[in-house]
Amino acid sequence: MKTEEKNPGMLAKIYRDKDIQKIQDKMNMLGSFQKMDTYTFLNIRLISSIVVFLLLLYFFQYGYLLAPFLTILYYYLFTYTYIDVPLKKRVKQLDHDALYFFEILTLTLESGRDLEHSLEVTVENVDNELSREFKQALYEMKFGKSLIESLEDMKKRIPSETVNNIVLNMTQTSVFGNSILETMYHQIDFLRDKQILEIRGAINKIPNKVSIISVVFVVPLILLMILGPFIINLLS
């Protein structure tokens, strides 16, 4: 996946370089297999916003008042819907995949293989979002990158801080020659503890959700049952 793209002249005049780079970084974190590039996204967002503005201006009586506000709202919702929401889902998916992937990787390392060969075996036997990112990193090594360079580039495509911290620990261990197995044991323990805390957090939220449902649906029904006869008597 390309991490740098040529900046078209027209968009360079409309957007600041740091704004384009911010979108570029987010698009990279959507994954290696993201089909739309940054400038296609920017063009679609800009053109569709102009179309929305013109339609509101033409079809609504007070379009000159509504168009600016609703167009700005659409502009930000477009980015939120296409980039921010998928990014949040991707973080959850990667965090969910991490424990299983790194457990298999650790078992492979225990057989005596080095990190590179262990990753090759793991990605061939695990099929999930995180595994596909590691497979992309290994594929890039065929074009002259070292394993460390490929993993560093992979981190730019990973929005999960948890996964990136594990990859960082793996690369540092590989560079300084420390025990990779000991590092992985600690990381797996961390992932398990994190998963348990998330489950406990979800369980603790259940009473609040039940309370909200009760207030919204159950309480009005109870009031209707209690006050129903009285209201009928008044109407009759």
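Divide by every residue of the chain the summed helix terms, -39500 (n - 2.57) for each DSSP H run of at least 4, and state the resulting mean residue ellipticity at 222 nm, rounded to the nearest 500 deg cm²/dmol. Let's see the in-between values first.
Working: 11 runs with 183 residues, N = 236.
Helix-only estimate at 222 nm: -26000 deg cm²/dmol.
Mean separation of Cα pairs under 8 Å and 6+ residues apart, divided by the residue count of the chain: what relative contact order is that in percent? Don't jump to the answer; show the numbers that get you there.
Details: 148 pairs, mean separation 40.7, N = 236.
Dividing the mean separation by the residue count of the chain yields 17 percent.
Which value in Å does the Kirkwood hydrodynamic radius of the chain take, with 1/r averaged over all unlike C-alpha pairs and then inverted? Provide the component values of the computation, followed by the final result.
Values: mean 1/r = 0.0451 Å⁻¹.
After inverting the pairwise mean of 1/r, the radius is 22.2 Å.
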Where in the chain lies the longest segment free of chymotrypsin sites (Phe, Trp or Tyr not before Pro) that are both loop residues by DSSP (not H, G, I, E, B) and have at most 12 other Cβ atoms within 10 Å? 63-236
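By the scheme Lys and Arg +1, Asp and Glu -1, what is the net charge of all other residues having a beta-carbon under 12 Å from that of Tyr185?
Numbers: positive: Arg192; negative: Glu103, Glu110, Glu182, Asp189.
Net local charge, Tyr185 excluded: -3.
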How much net charge surrounds Pro159 when only other residues with a Cβ under 15 Å from its Cβ are counted (Lys, Arg +1; Asp, Glu -1)? +2
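Around Leu168, what is the net charge, scoring Lys/Arg as +1 and Asp/Glu as -1 over all other residues with Cβ under 12 Å from its Cβ?
Numbers: positive: Lys155; negative: Glu152, Glu161.
My count for the surroundings of Leu168 gives -1.
So if a site counts as exposed when it's one of the trypsin sites (Lys or Arg not before Pro), its DSSP state isn't H, G, I, E or B, and it has at most 11 other Cβ atoms within 10 Å, what's the longest stretch of the chain without one?
On the way: sites that count: Lys2, Lys6, Arg16, Lys35.
It works out to 36-236.
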With point charges of +1 on the Cβ of Lys and Arg and -1 on the Cβ of Asp and Glu, referenced to the Cα centre of segment 34-158, which listed residue (Tyr80, Leu66, Val52) lies farthest in the positive direction of the dipole? Leu66
At 1.4 Å probe radius, can you tell me the per residue accessible area of segment 90-236 in Å²? 63 Å²
Specify the inter-centroid distance of segment 159-236 and segment 105-156, based on alpha-carbon positions, in whole Å. 31 Å
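Given +1 on the Cβ of Lys and Arg, -1 on the Cβ of Asp and Glu, and no further charges, what dipole in debye does the chain carry about its Cα centre, rounded to the nearest 20?
Values: 26 positive and 27 negative charges, 229 e Å.
Value, rounded to 20: 1100 debye.
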Report in % the part of the accessible area of the chain that belongs to carbon and sulfur, leaving out ligands and nucleic acids; probe 1.4 Å. 64 percent
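The values are calculated or read from the model by the stated rules, or taken from the named source; none is laboratory data. Every value quoted in this text rests on a predicted model; they were computed, and no experiment measured them. Note that we place each Cβ from the backbone using ideal geometry, even for glycine, and neighbour counts take in every protein chain shown. The area values use the complete protein model at the heavy-atom level, side chains included, leaving out ligands, DNA and RNA. Shrake-Rupley method; radii C 1.70, N 1.55, O 1.52, S 1.80 Å.
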